[in-house]
Amino acid sequence: MDNFVHKRKRSTEDQESIGKKRNSMSSGGTLENGTAKNPTRSLNIKAENLDLEYHILFSKREADDLFQRCEKELIYNTGQLAQVKIFGKWLDIPRKQVAHGDEGLAYTFSNNTIPAKPWTPLLLEIKDAITHLTGHTFNFVLINRYKDGRDYMGEHKDDEKDLDPYAPIASLSLGQQRDFVFKHGESRGKGAKRKIDPVKVELASGSLLLMKYPTNRYWYHCLPVRRNAPNVRINMTFRQMLTSEIKGS
Ligand SMILES: O=C(O)CCC(=O)C(=O)O
């Protein structure tokens, strides 16, 4: 799996200029035993039908500043919008959540529909930085706040019918670094048909993980519980939802 990785030495200038030179791409870091280690600026991560790009989009100072602004400005959903229905039972999600996006959009998953609140200047600023880096546009963002390593997200695929299946999902992390694990659909659980190694990515504050087609068709992902993660993490997944314009109806 290492053959696509090009090692590159990190310099102070690199770290400080990441937020400014968002368009330039280079590779760095290594993939060891399925874990992305010490990525510098950008890292391509590939396995069977898995295609990821990991970038350090924001410097530590920029990420800290964005984190503080998010903590001040974001208002998370409560009540039924903060629940999922599993086997007929409404359960609180083990984290906080809110969605923002273009007018009229909503995202249905786990038997619940989360309407998008309007974009805010902060979220538009972040969205623009991501579009500048990746060249992709997004009309919706799902935001999850994990108070510490006991909050988590279970294994799932982002393959709901509301989403443009060919558009990448751009996942920005701020705050506590957490592990993010991909498992191939044919290699999960007791009834696994094949043995395919999981892929683990350590999501640092200020990093952007781009999940590209066809990753979400074949691979599940999750943010597991980590007892050694004491601090708050905020994650934003920028998505392209299908609209009637895109669908052509
Ligand atoms: O917090 C994370 O990195 C996980 C987000 C995620 O899996 C999702 O929004 O679908």
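Where a number appears in this text, it was derived from the coordinates with a stated rule and is not lab data. What you see is a predicted model, and the numbers here were worked out from it, not measured in a lab. Reconstructed Cβ throughout: ideal geometry from the backbone, glycine too, with neighbour counts over all protein chains shown.
For the reader, a short list of remarks on this structure follows.
- Length gained on full extension, ASN49 to ILE75: 5.7 nm, using 0.36 nm per residue less the C-alpha separation.
- Principal semi-axes in Å for the stretch 56-247 [√(5λ), Cα gyration tensor, largest first]: 23, 20, 19
- Annotation: amide H of GLN240 within the under-5 Å range of ASN139, ASP164, sequence separation 5 or more or interchain, hydrogens built in the peptide plane.
- The phi torsions of the stretch 209-222, fed into the Karplus equation with coefficients 6.51, -1.76 and 1.60 and a -60° offset, translate into couplings of 10, 9, 9, 9, 4, x, 3, 6, 7, 10, 10, 8, 9, 7 Hz, rounded to whole numbers, with Gly and Pro shown as x.
- For the stretch 195-249, the average shadow cast by the Cα convex hull is 6.2 nm², which is a quarter of the hull's surface.
- Per-residue Cβ neighbour counts within 10 Å put THR134, THR120 in the sequence THR120, THR134, beginning with the fewest.
- Sorted by Cβ neighbour density within 10 Å, fewest at the top, the residues LYS212, LYS72: LYS72, LYS212
- Computed extension gain for VAL225 through ASP159, at 0.36 nm per residue and net of the alpha carbon distance, reaches 21.5 nm.
- Per-residue packing, averaged as other Cβ atoms within 10 Å, sorts the ranges 48-56, 106-114 into the order 48-56, 106-114, beginning with the highest.
- Residue-wise HN-Hα coupling along the stretch 43-48, computed from phi with Karplus coefficients 6.51, -1.76, 1.60 (Hz; x: Gly, Pro): 9, 8, 10, 10, 8, 4
- The stretch 133-249, relative contact order in percent, only Cα pairs under 8 angstrom and at least six apart counted: 47
- Backbone amide hydrogens, once placed in the peptide plane, bring ASP51 within less than 5 Å of LYS212, THR215, excluding anything fewer than 5 places away on its chain.
- As a proxy for reagent exposure, ranking HIS156, HIS100 by other Cβ atoms within 10 Å from fewest up yields HIS156, HIS100.
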